[in-house]
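The values are calculated or read from the model by the stated rules, or taken from the named source; none is laboratory data. Nothing here was measured: the structure is a model prediction, and the numbers come from that model. Here Cβ is always computed from backbone atoms with ideal geometry, including for glycine, and neighbour counts include all displayed protein chains. The area values use the complete protein model at the heavy-atom level, side chains included, leaving out ligands, DNA and RNA. Shrake-Rupley method; radii C 1.70, N 1.55, O 1.52, S 1.80 Å.
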Amino acid sequence: MPATAPQLHKTWFVTGTSSGIGRQLAELLLVRGDRVAATARRTETLADLAAEHGDRLRVLSLDVTDTPAVRRVVDEAFAAFGRVDVVVNNAGYGLFGAAEEVTDEQIDRQLATNLTGSIQVARAALPHLRRQGGGRIIQISSIGGQVAFPLLSLYHAAKWGIEGFFESLRQEVAPFGIQTTIVEPGAIRTAFIDRGLDQAAPLEAYEDTDLGEYRQAMLAGTAIDPIGDPARVARAVIDSADSDPAPARLVLGSDAYEMGRTALAQRLADLEAQRSVAYSTDAEDARG
């Protein structure tokens, strides 16, 4: 188990703080005395926190799909506070619909927000983190980065993609004292379905399959029973930043644990079943 150091005040940069986990993170961090650079597309949602916490909160307008703005805002946050210890990529949303139902524009926006946006925030922060001798980058992913469900193919594409990026990035930046954590929550009791889900126009062909019923259950909120407490999820994320070394992955929620365990066990079983085929394709001079 990684050691947990005594709580020390830190400075955080958190994207997507208008609601959900991002909002919970901002609230808990400010209560414990930390400083926060909080970004949101709708900065008015943070007016109450700004009035209460003064200079310890810096509210910044940011749409993570705007790469020049990402660089400018990250630079501004580091300049304002002098140092940022933890960068949290939280901004994102879900795109719901079969692969052929979603529009080109919806695909571009989903990947630009959930994948490219997170990549660009990390890239913008890295020069600062290197110069200050280290820090953390926490990527809010989902158990949807390990498992997949129908009608969420583009969402999963972004989550599986960002996890691959951070698996590689973790190795690249370790020599500079920079550590990364991928957070994989299960279903959380937030307004994700009501406000954070972009929906494709359904095709009639799919409504005549089992997916039609599944779609209605998802939109009605009966297909998934959210059991994750957003405040507890945010607290676990904060606690992970106090642990050294940083956990490479942080699975949150019993649903996430069980789904992830089942998926990984099946993947390992499938791999073992293909061992002889895998070895059979080695070149003759490479075989032991």
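Data table
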quantity	calculated
Cα gyration tensor, the stretch 195-288 - rounded (a/c under 1.5), prolate or oblate	oblate
Computed [θ] at 222 nm, helices only, for the chain once each DSSP H run of length n ≥ 4 contributes -39500 (n - 2.57)	-14500 deg cm²/dmol
The chain: relative contact order in percent, alpha carbon pairs under 8 Å with at least 6 residues between	21 percent
The chain: translational diffusion in µm²/s, Stokes-Einstein, Kirkwood Rh over Cα pairs, 10 °C, 1.306 mPa s	78 µm²/s
GNM flexibility winner over the chain from A148, A278, A174 (Cα, springs under 10 Å)	A278
Accessible area (Å², per residue) of the stretch 153-288, counting only protein heavy atoms and a probe of 1.4 Å	60 Å²
Cleavage-rule hits (trypsin sites (Lys or Arg not before Pro)) in the stretch 54-111: DSSP loop, at most 16 neighbouring Cβ within 10 angstrom	R83
Sulfur and carbon atoms: percent of accessible area, the chain [1.4 Å]	52 percent
Lys/Arg +1, Asp/Glu -1 at C-beta; the chain dipole; positive extreme among S153, L250, I178	I178
Assigned charges on the beta-carbon of Lys, Arg, Asp, Glu; the chain dipole about Cα centre (debye)	1460 debye
